[in-house]
Structures are given as structure tokens and as C-alpha cells.
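Here is the structure we will look at, set down as C-alpha cells.
The values are calculated or read from the model by the stated rules, or taken from the named source; none is laboratory data. Quantities reported herein were computed from a predicted structural model and do not represent experimental measurements. With ideal geometry, Cβ positions are generated from the backbone for all residues, glycine too; neighbour counts draw on all protein chains shown.
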Amino acid sequence: MIPVAELHARRTKLVQHMVPNSVAIIPAGREVVRSNDTHYSFRQNSDYWYCSGINEPDGVLVVLPKQGELPEQSVLFVLPRDQQAEIWHGRRLGCDMAKEIAGVDRCESTDDLEYLLVELLDGRSDLYIAQGDDTWFSPYLAEALSELRAGKRQGMQAPERIHDLNTLLHNQRLIKSPYEQEVMRQACKISADAHRRAMKFTQAGLYEYQVAAEIHHEFAMRGASGPAYGTICGSGENACILHYTSNSDQLKQGDLLLIDAGAEYLGYAGDITRTFPVSGTFTEPQRKLYKVVLQAQEAALAVLKPGVTLPDAYRACTQVLVAGLVELGILVGDTDTLIKNLAFRPYFMHGLGHWLGLDVHDMGNYQVNGKPRPLEPGMVLTVEPGIYIPINADCPVAYRGIGIRIEDDILITEHGYENLTATVPKSIEGIEALMRAGR
Ligand code: GLY
Ligand code: MN
Ligand code: MN
């Protein structure tokens, strides 16, 4: 459960950024059909979870800043208690319990959503809602707005301006509170321990999905709700497929295995990648290429601190990465020219990293006023350079078909950063030693 004081602070901060006489609406997630009459495992909408701490589908949170005599208030709608539904589908919190958990001023049944929504919106001039997200809630909102507009002569007033709630809420979510930082440390710790476990477990003859299962086992045993995204276990050439999730091949002795996996803990994602030899020992070409990626990642990490931007770190990274590719004969030419011409893009085609939080690719703008956003204490981001050499690449044969990525989760602090995933070995010696220990 999210502490009530934390939820209060989040809603108060949101209200502080809303214009006077406004209202914000945040709908919950809905269950999604998997096949016929069964559903995917429910995952709450991140914004609703962030603001309400309620993990049930179909709810709605309405946040109302102070207006005239009316104090600031939050009104939550949740599914009503229902004996039959609860026997078949599971317990519901009901209004009393939900009110307590969310720490809201008022809680109502979703049965009354339609007419209470009209009441709550009436007279508010500005409405904040996630624009462009065509959720199940859109028809409810359209209906309430039409009713208010039709009721003009009776003195009703529909909001005149609609603002994108995402801009406010997602920029707020970008800076993690001390509570969030602690939860993310835990999400990252569980993810890191699962990677260590996988390294010790890996050997030739196993299947990629068996290594993935080992990771998921650790997540579950540690109280994580599951993987924060589709686990990637790609051996050999599969490591060159960035979002490889079929995890269906058998591990071969001379291959590398790339694992990109992270636990979701109390809604927050870990996101770690390690690449290591199935045999427990890097071959010479693997070792050489691995060192380039590791040094490129270290170069990016070295510049991270408040005020620095992601493109600054990307530049530091590519400088080392391209120099390394030239040294190995994979790229030919002058490093600066190769960087300027983006000659490395066929081998490093993705960005350096992304914000991390309730969503693995977390919300929040990467640019402010058309310029890269400077890092601030409390931001969490990944740093994940990679080199992927296609099997038909025009380069020394020894490197063809190798894919390597190294990814850590970084909390920006007052004077630098904290690596939340540092306990998974990434030096060649560290990886080989841990794998030996597992044998
Ligand atoms: N696992 C997705 C990513 O690393 O961005
Ligand atoms: Mn990842
Ligand atoms: Mn990532």
C-alpha cells in the first residue's frame, strides 16, 4: 500500500499546478480480454495508481482544487461491494475501505458515476484529462459534458477549456519522492538478484525460456508482481533482435546470452540488461567487443549529475563506442567523422536510455522549450548502450552475429548518481567468477 501521506502530497502537488476553478479526472485501468471470457492479469493505470493507491479496475478519481467556499477535495469512485461478483471474480474494497486506503475526502460507487460526474464538473471552467488516450471513460465524459451544455438555461456550466493532464502529472512523476526512491531501490534489488541467479543457472543445453523462468521465479519469491515488461532472453544471434521475447531457442556453448529483464514491485519497474557467455567464459572476440560496450557505458555514467543532459551522456558514450569499433576493424575511418556521419547507427541503433518509474519507459518530457532536459536529483533513468553486429555485416567474421547490451538503472542525486543495479556483475572477471560459483 502507498502511505496515505504520500498520496496526499502527490495530489496536493498536482493541485498546486492546476489553474483556479478547475478539475482533474483520472480514470483507472480496465480488464482486457485475453481469450473468450478470460482476462489478462490486471495491471492498474500508472497515473491512477500514482494518485489513488487503489489497485482495482473501473474506478475514477476526481481531484478538485479549492473553489470559493468549497475546500480542495478528492472524490473517488470504486466498484460497489457485490456478493455474487466477489464470489466469482474476487474481493472488492468497497467505498469505506477504498476511502481509507486512498485517503480521499469522499468515495462513491461507480454505479453513481454518471450523475455525480455532472455535479462535480458543473461550474468548473477548466478540465484536466489525459488527452488522446481513448479510454473506456471517454463516453462517460462526453455524456457529462453534453448534459452540462444542454443545461445552460438551468444555470449549468460546462468546462470551457480542456488541458492535457499528462503534461502536469507526468512531469511530476519524473521526480521521484524519497518514498518512491526507496521502492525503486527494492524493485532494482529484486531485479538484480534475479539476474545473478540467471547467471549462475545458465548452461548449454537449457532453453532461453527456462532461464526466463528462473528469473520470474525469483521475482515472485521476492514479492514482485511479475516482470515489468516482456523478458528478453536472447542467445547467439537472437541478441541482435532488440525486443526479442519468444525466448524459444536452446543455449549453445560458444554463444553469448543477452538478458533484459526487470521486476515490477509496488508498480515500479526495474530494467536491467546483462550479456554473458553461456559457457561461463568469454571467447576472445566476445571479450573484445564486450569491453567496448562496457567502456562506452562507463563513459556515459561518468558524466551523469544534475544539470547534464541525456545527449551529453550519449556523446560521451558514442565517442568511446566508435573508437572501439574502429580499433576492432568493424568501422573504418576517423572517429569524429564516423560519429558525425552516424556510421555507427547500423550497430547501435537505439537511444542511450530512458526515464524509469511506474512505466518501464516512464512518462515525462525529454525536452523543455525545445532543448534537452537537464537532469535533476530524484530522476531515475536507464543507461543502456549496445552493439549488435548483423550476421551479414561487412566486418571481420569473428564479430558477426554478436549482440551485447549492458543496462543499469540510475538515480540522479544532489552531486552525482546512485547506480541502483550495481550488484549484478558486469566486468568480465566479475561475470566469469559468479558463473563459476554457480557451477
Ligand atoms: N527493456 C526495454 C528497455 O530496455 O528499454
Ligand atoms: Mn531493458
Ligand atoms: Mn531500458
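Close Cβ contacts (under 9 Å, 6 or more residues apart or on different chains) running from residues in the stretch 372-401 that are at pLDDT 95 or above and within 16 Å of ligand 2 (Cβ to nearest atom) to residues that are part of a loop (DSSP other than H, G, I, E, B) and among the charged types (D, E, K, R) comprise 380/176; 380/362; 381/362; 382/271; 384/271. If the condition is being without any contact (Cβ under 8 Å) to a residue 12 or more places away in the chain and hydrophobic (A, V, I, L, M, F, W, C), then the stretch 185-220 contributes 213, 220. Is it the case that some residue within the stretch 361-368 is loosely packed, with under 14 Cβ neighbours inside 10 Å and either more than 30 Å from residue 47 (Cβ to Cβ) or among the β-branched types (Val, Ile, Thr) (or both)? For the stretch 361-368, residues loosely packed, with under 14 Cβ neighbours inside 10 Å and either more than 30 Å from residue 47 (Cβ to Cβ) or among the β-branched types (Val, Ile, Thr) (or both): present. One residue stands out in the stretch 305-337 among those that are touching a Phe, Trp or Tyr at 6+ places or on another chain (Cβ under 8 Å) and closer than 20 Å to residue 288 by Cα: the one that is surrounded by the fewest Cβ atoms within 10 Å (Cβ to Cβ), namely 328. Of the residues making up the stretch 249-259, one or more are among the small types (Gly, Ala, Ser), at pLDDT 95 or above and surrounded by fewer than 21 Cβ atoms within 10 Å (Cβ to Cβ).
Which of the numbered conditions does residue 275 fail, given that it passes all the others? Conditions: (1) surrounded by 24 or more Cβ atoms within 10 Å (Cβ to Cβ); (2) within 12 Å of ligand 1 (Cβ to nearest atom); (3) of a type outside the set (A, V, I, L, M, F, W, C). Condition (2) is where residue 275 drops out. Quick one: which of 170, 163 is crowded, with 17+ Cβ neighbours inside 10 Å and either touching a Gly at 6+ places or on another chain (Cβ under 7 Å) or charged (D, E, K, R) (or both)? Going through 170, 163 in turn, the sole match is 170. Of 412, 330, all but one fail to be more than 24 Å from the chain's Cα centre (by Cα) and more than 16 Å from ligand 2 (Cβ to nearest atom); the exception is 330. The single condition from (1) part of a loop (DSSP other than H, G, I, E, B); (2) under 24 Å from the mean Cα position of the chain (by Cα); (3) within 20 Å of residue 208 (Cα to Cα); (4) of a type outside the set (S, T, N, Q) that residue 308 fails is (3). Take residue 274 and decide whether it is away from ligand 2 (no atom under 16 Å from the Cβ) and either under 24 Å from residue 190 (Cβ atoms) or at pLDDT 95 or above (or both). No: the conditions fail for residue 274.
Counting the residues of the stretch 114-159 that are of a type outside the set (D, E, K, R) and crowded, with 17+ Cβ neighbours inside 10 Å gives 18. Taken together, the criteria exclude residue 364 from residues that are on the phi > 0 side of the Ramachandran plot and either of a type in the set (A, V, I, L, M, F, W, C) or more than 16 Å from ligand 1 (Cβ to nearest atom) (or both).
Scanning the stretch 340-350 for residues that are more than 9 Å from ligand 1 (Cβ to nearest atom) and either under 10 Å from residue 271 (Cα atoms) or part of a loop (DSSP other than H, G, I, E, B) (or both) yields 341, 342, 343, 344, 345, 346, 347, 348, 349. For residue 228, indicate whether it is modelled with pLDDT of 95 or more, farther than 18 Å from residue 421 by Cβ and hydrophobic (A, V, I, L, M, F, W, C). Here the answer is no, as residue 228 does not meet what is asked.
Can you list the strands (runs of 3 or more DSSP E) lying wholly within the stretch 386-426 that have 1 or more residues being of a type in the set (Val, Ile, Thr) and farther than 20 Å from residue 183 by Cβ?
Hits in the stretch 386-426: 386-388, 403-405.
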